[in-house]
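Student: Quick one: structure below, then a few questions.
Each reported figure results from applying straightforward, stated rules to the coordinates on display, with no laboratory input. These figures come from a predicted structure and were not determined experimentally. Glycine gets a Cβ as well: all are built from the backbone with ideal geometry, and neighbour counts include every protein chain shown.
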Amino acid sequence: MNAIDHEFIAAFDEEFTPQCERLDELAELLISGSQGAQAVQEAFRVYHTIKGNALSVGLQNLGEFVHQAEEVLRLWRDGGHLPTPALGNMMLRVGDELRRLRSNPDAPPDEQLLSWLNTIQPGQEVSASSTVQPAMPPGAPAGEERPELTVSIDELDRIFQDTENLRSDLLASGDDQRGAQVAQIARRLLGIRTKPVRSLLPRLKRMVRETAAALGREVDFIVSGDGVAADAATVSDLAGALPHLLRNGLDHGIENPEDRRAAAKAATARLELGFRFEGGSFIVRIAEDGRGMDDRAIARSAVSKGILEQREADALTRYERLKLIFRPGFSTAAQLSTVSGRGVGMDAVAAMVDRHGGRIDLETKLGFGTAFELVFPVPYRFDNYLLITLSERALGLPVSMVQGLMVDAPPAVEDGMVEVAGSPLVLLGFREWDPQFGRQLKRPLIILDLGGISAVMAVDRVLGFASALIQGLPANGSAPAFLAGIARVGSTHFWAIDDSKLRQDWNAFTVPME
């Protein structure tokens, strides 16, 4: 193959991956029974494009195979009676075969699947009895997608950092107008660096359906936050991690219907997958209402496998015993059935999260289920801040939590409270960085909204408001918990405060009682 052929194949692959992902999304729409005609028409166009592209670059087997799939959609569109859910399942099988043929161009198409495609005729009824409906209908189909361009994340980060440095230099020189224009470019670059999590869902929904059916489980699979877009590298790695977590939840967490009824539970279990942002973190939650995990059984299993000594196990807290499931070599199939735990691929999941500077939080209760939260730092994000100083350090308080400002207010601190305008407010501070915290000093006060609770924070100086690009800190690092990241505005570098941490754990930042 010459250099020109390689170039054409590379161009084909750039379009092929997103095309297959879109076909999976359309298949899920058909399985759910929504947007039938519209989804079929779009899928027909995608098949036709893949066929033409494949034949033009010499991928003969792939092109001829997708032609047969295209014909099935044409027959449906022209009045065939293939049930919509069955058509969706067919498209998922076709998608698997397309990927296989692309990875091995010389391989012949699957004869059984090809034969089935060739037998479908107009007006023929095809059974969809094996189709399992998803728990929640997917959202409306996205518009027709343009081809995607593959760009190195490292290269994009370099361009992004150069752009942000230029913006900061312009602001430092007083050129606010051009600084704002460059900020818009930086925001667009930030959008390019993200990827929608919905790209993960078609395969995950299919995997959950098929695994549940194979195991005899009755499951509602509920997805939330599917409109979120997160760091592209993180989303790509989640494509490998989430199947482990969901499959283990189905296999080793959720009981069969008979056992659930015997435990006075609904026969149909809940399996949840959620995506959300909190402060400087991107959080993925996987939860089920199954058996739960026995921490002591996990510890006994770890000792029996030689992962740790009995004396070490005895010294562990409950949470530390649970986290043993992330140790390499912890689980075997027999252990999983004994401890109702996890383990298949869990060490790989933990390694992936750690590689991104994240952490895994775990909650479980015997008889009630288990929840995992994968917490990733957001590499970059824009936000508005009130810049202040404490002991010569510049900090940024998110504007969304700032209610007001009192300059040179003489507060009287009593029992960790400060009276402001006749109302006692909780005094917050950062002991690590404010040696004067809790003392009766004449300093500016920032009034903060903690989500239903008002509080005040004494600071040394108020520098003003600024919009800034925040570079996230590792969630598994040693930085103080109240920090979300670091940023630069003009010539000022500052630490960004994590507003979600303050709101959730504000008691940790109050004056200690005598």
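Student: On the first, second and third principal axes, largest extent first, how far apart are the outermost C-alpha atoms of the stretch 380-509 in Å?
Tutor: Here the Cα extents, ordered largest to smallest, are 41, 29, 27 Å.
Student: Let me ask something additional. May I ask you to list the aspartates and glutamates whose Cα is less than 17 Å away from that of Lys501, ignoring any residue fewer than eight positions away on the same chain?
Tutor: Excluding near neighbours in sequence, the set is Glu278, Asp361, Glu373, Asp383, Glu432, Asp449.
Student: Would you be so kind as to identify which of Leu448, Gly477, Ala487 lies farthest towards the positive end of the dipole of the stretch 380-509, taking Lys and Arg as +1 and Asp and Glu as -1 on Cβ and the Cα centre as origin?
Tutor: Ala487
Student: Over all directions, the average projected area of the alpha-carbon convex hull for the stretch 175-259 comes to how many nm²?
Tutor: Details: hull surface 27.4 nm².
Dividing the Cα hull surface by four gives the mean projection, 6.9 nm².
Student: For the stretch 3-119, go through all pairs of different Cα atoms, get the mean of 1/r, take its inverse, and jot down that Kirkwood value in Å.
Tutor: Values: mean 1/r = 0.0700 Å⁻¹.
After inverting the pairwise mean of 1/r, the radius is 14.3 Å.
Student: Another question, if that's okay. What lysines could a cross-link reach from Lys365, if we take a straight Cα to Cα line under 23 Å and drop same-chain neighbours fewer than 8 places away?
Tutor: Reachable lysines: Lys265, Lys323.
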